[in-house]
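Read through the structure below, which is laid out as structure tokens, and then see the notes.
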Amino acid sequence: MTTPDTPALELLRRIFGYDQFRGSQQAVIEHVSQGLDALVLMPTGGGKSLCYQLPALLRPGVGVVVSPLIALMQDQVDALRQNGVAAAFLNSSLEAGEANAIERAARAGEIKLLYVAPERLVTERFLALLDALEAGPGLALFAIDEAHCVSQWGHDFRPEYLQLSTLHERHPRVPRIALTATADETTRNEMAQRLGLIGARVFLASFDRPNIRYSVVEKDNPRRQLLQFLADHKNEAGIVYCLSRKKVEETAEWLQREGFNALPYHAGLDSALRAEHQRRFQREEAVVMVATIAFGMGIDKPDVRFVAHLDLPKSIEAYYQETGRAGRDGEPAEAWMSYGLQDIALQRARIDESEAPPERKRLEAQKLKALLAYCEAPRCRRTVLLDYFGEHSAPCGNCDVCLNPPELFDGSVAAQKALSAAWRTGQRFGSGHLIDILLGKTTDKVKSFGHDQLPTFGVGTEHSEAEWRGIFRQLVAAGLLQADLAEYGALKLTEAARPVLKGEQTVQLRRPTRAARGKQARSSRITQRDDGLLAKDQPLFDRLRAWRLDKAREQGVPAYVILHDKTLRQLATLRPEGEAALADITGLGAAKREHYGKELLELIAEWAE
């Protein structure tokens, strides 16, 4: 005897075309549907939207969703309408007449999900609308998306979020659900406190994104290294993060010359141009967005196949959030980062020169140290990443360290030589000059300072220049040396270096990995990507993608709003022959089958002929 579907599962199948929930989705949906508050921490791509959309559909009245980005609201509403859900948004992109019409429809009970920008929600006009909705069709729930925006320490801080506690004060019987992909415990506690959700049930999902392959490379020739990485990602959408606006624009121009459809994005660009670039990224195929951290929050594009960092992010939280924009559709994706000593110095200077109180600076320094430990760790990257968030895991077999394990060696003597070179030159020089001394190079600079007469001159010839760069970088990451940006990256000894210099403490170091094995790792990713789509099905898949793009352009929506790649892949592989068979395709709910079913069946039938 089969167990009947729950109301939530029945809606999931009928409206969204999915057979089952993922992770803690079902528990969250049932909890909120009962009228209870929730704080949900779920990784990007984990299906957060369904956690408030389904309870809003299951409960009487209008579900009100607070969302910080206009583009995200538009895409979410478009996607809901494609699935036959009455949804709308209120933000500054609307004319007064359009906004008035949406308000009237909401009062009349003709809208089930209403998205609103936080700055509009706290206005007297919208608060009056909420009062009218509670007295009329009812308020199903309040959903606060990107809830980490309430954190005053975060770079996504939105002051209007601090006023969202008024929702509970004015409407205490309406359940609230706050959602974020930010895992930091400090931010989590701050969200609960500031949003008045201290008593809410916390749902903490696994932060593992098994479909993402993590790789970190030592910065050598960053552009050449990036091109090598992008060779596997031709005609795919991705994001390249840079630290400065100038570097964003230069990198975007360079990638354009290299044949990529690359666009720049940073806070210094004209707002209309930024909006246009974001629109193109969301709606066109294979756009590479080159951006600062100003780009990313709320990006709902599921088919981002890679995220590359040309510069070091500021923390593991930031890195996790930024890389999490890849592979939201569950398909294989890559997170690639290059970093070097200069990156460490820049981030250290950012902390030291900020106006934050000493306590905050110490916390930021600890976070930077944790990120450097991740970069230099000789064990599985995913394990290190999840350990940071308090989640234990076994080696993943799908990161650069697992695929190409580094060789460790006792680097105590090498560390002593490097530290001695820095000390004997007055701690006034960067790694390049110190390496010249260790290798015994009589450059003009070495001779002019008399450093060719030092006891450390020429004592490091057992290591290559590249190996010494890695050694210095690891010593900085380990906190034995500190790069001073104010003195052009001069390396200075820390207190922790003293026992190493005295031979009282040993140092384990990793040797540089070999590039040849890296190629094997990349090729295994290609094999993984192609699994499930045979060569004979590829032409039909390509034809379905072209059909989808035409539909998206006709309707002025992103292609993935019509159908996801996973749905097209199933159509190309299974080739359903009747309306009933379409119901077995993931992502084809009732409304989409009604809208597109006949065309899809005809297209597949034509292909079979």
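Considering every residue within region 268-288, establish whether at least one is in a helix (DSSP H, G or I), more than 19 Å from Gln321 (Cβ to Cβ) and among the β-branched types (Val, Ile, Thr).
Scanning region 268-288 turns up no residue that is in a helix (DSSP H, G or I), more than 19 Å from Gln321 (Cβ to Cβ) and among the β-branched types (Val, Ile, Thr).
Being over 19 Å from Cys51 (Cα atoms) and among the acidic types (Asp, Glu) is the filter here, so list the residues in region 131-173 that pass it.
Passing the criteria: Asp131, Glu134, Asp156, Glu160, Glu169.
Of all residues being under 17 Å from Val476 (Cα atoms) and free of Cβ contacts under 8 Å to residues at least 24 places away in the same chain in region 310-361, which is surrounded by the fewest Cβ atoms within 10 Å (Cβ to Cβ)? Just the residue, please.
Asp352
Please state which of the following conditions Ala178 fails to meet, knowing it meets all the rest: (1) more than 16 Å from Pro60 (Cβ to Cβ); (2) surrounded by fewer than 22 Cβ atoms within 10 Å (Cβ to Cβ).
Evaluating Ala178 over (1) more than 16 Å from Pro60 (Cβ to Cβ); (2) surrounded by fewer than 22 Cβ atoms within 10 Å (Cβ to Cβ) leaves (2) as the failure.
Any idea which of (1) in contact with a Gly (Cβ under 7 Å, 6 or more places away or on another chain); (2) farther than 30 Å from Gln474 by Cα is the one Gln193 doesn't satisfy?
Evaluating Gln193 over (1) in contact with a Gly (Cβ under 7 Å, 6 or more places away or on another chain); (2) farther than 30 Å from Gln474 by Cα leaves (1) as the failure.
Based on this model, can you work out whether Ala414 counts as surrounded by 17 or more Cβ atoms within 10 Å (Cβ to Cβ), farther than 19 Å from Gly489 by Cβ and within 41 Å of the chain's Cα centre (by Cα)?
yes
Please verify whether Val216 is of a type outside the set (Lys, Arg), surrounded by fewer than 22 Cβ atoms within 10 Å (Cβ to Cβ), within 28 Å of Gly327 (Cα to Cα) and in contact (Cβ under 8 Å) with a residue 60 or more places away in the chain, treating the condition exactly as stated.
Yes: the conditions hold for Val216.
Collect the residues in region 207-253 that are of a type in the set (Gly, Ala, Ser) and under 20 Å from Ala345 (Cβ atoms), keeping them in residue-number order. Break it down stepwise before answering.
In the first step, residues of region 207-253 are kept if they are of a type in the set (Gly, Ala, Ser); the result is 215, 231, 237-238, 244, 252.
If the condition is that a residue be of a type in the set (Gly, Ala, Ser) and under 20 Å from Ala345 (Cβ atoms), then Ser244 is the only one that fits.
If a residue must be over 23 Å from Arg328 (Cβ atoms) and either of a type outside the set (Ser, Thr, Tyr) or surrounded by 21 or more Cβ atoms within 10 Å (Cβ to Cβ) (or both), how many such residues does region 232-247 contain?
Looking only at that region, the number is 4.
The conditions are (1) at pLDDT below 90; (2) out of contact with any strand residue (DSSP E or B) (no Cβ under 6 Å at 6 or more places or on another chain); (3) aromatic (Phe, Trp, Tyr), and Phe295 fails exactly one of them. Which is it?
(2)
Output the qualifying pairs, or none if there are none: Cβ atoms under 8 angstrom, residues six or more apart or on different chains, first residue in region 259-283 and within 19 Å of Tyr560 (Cβ to Cβ), second residue among the charged types (D, E, K, R) and surrounded by fewer than 17 Cβ atoms within 10 Å (Cβ to Cβ).
Asn261/Glu284; Leu263/Arg280
Scan Pro378, Pro405 and give me the residue that is of a type outside the set (Asp, Glu), farther than 18 Å from Leu310 by Cα, in contact with a Pro (Cβ under 6 Å, 6 or more places away or on another chain) and not in a helix (DSSP H, G or I).
Pro378
Taking region 449-483 as the region of interest, how many residues are in a loop (DSSP other than H, G, I, E, B) and either small (Gly, Ala, Ser) or buried (at least 19 other Cβ atoms within 10 Å of the Cβ) (or both)?
10
When only residues in region 1-43 that are in a loop (DSSP other than H, G, I, E, B) and at pLDDT 95 or above count, which is surrounded by the fewest Cβ atoms within 10 Å (Cβ to Cβ)? Full working, then the answer.
First, the residues of region 1-43 that are in a loop (DSSP other than H, G, I, E, B): 1-6, 17-24, 34-37, 42-43.
Narrowing further to those that are at pLDDT 95 or above: 34-37.
Numbers: Gln34: 11, Gly35: 13, Leu36: 15, Asp37: 21.
So, considering only residues that are in a loop (DSSP other than H, G, I, E, B) and at pLDDT 95 or above, the one surrounded by the fewest Cβ atoms within 10 Å (Cβ to Cβ) is Gln34.
Can you tell me which of Glu134, Glu146 is within 21 Å of Gln34 (Cβ to Cβ) and among the acidic types (Asp, Glu)?
When all the criteria are applied, what remains is Glu134.
Taking region 83-120, which residues are part of a loop (DSSP other than H, G, I, E, B) and surrounded by 14 or more Cβ atoms within 10 Å (Cβ to Cβ)?
Taking region 83-120 and keeping what is part of a loop (DSSP other than H, G, I, E, B), we get 83-86, 91-95, 108-112, 117.
Scanning region 83-120 gives Asn83, Gly84, Val85, Ala86, Asn91, Ser93, Leu94, Gly109, Ile111, Lys112, Ala117.
Condition (residue is touching a Phe, Trp or Tyr at 6+ places or on another chain (Cβ under 9 Å), in the same structural domain as Ala365 (by TED's automatic domain parsing) and part of a loop (DSSP other than H, G, I, E, B)) applied to region 239-259: is it met by at least one residue?
no
I'm told Ile198 meets every condition in (1) part of a loop (DSSP other than H, G, I, E, B); (2) in contact with an Asp or Glu (Cβ under 9 Å, 6 or more places away or on another chain); (3) at negative phi; (4) in the same structural domain as Val122 (by TED's automatic domain parsing) except one. Can you identify the failing condition by its number?
So the condition that Ile198 fails would be (2).
The values are calculated or read from the model by the stated rules, or taken from the named source; none is laboratory data. Quick caveat: nothing in here was measured; it's all calculated off a predicted structure. Virtual Cβ from ideal backbone geometry, glycine too; neighbours counted across all protein chains shown.
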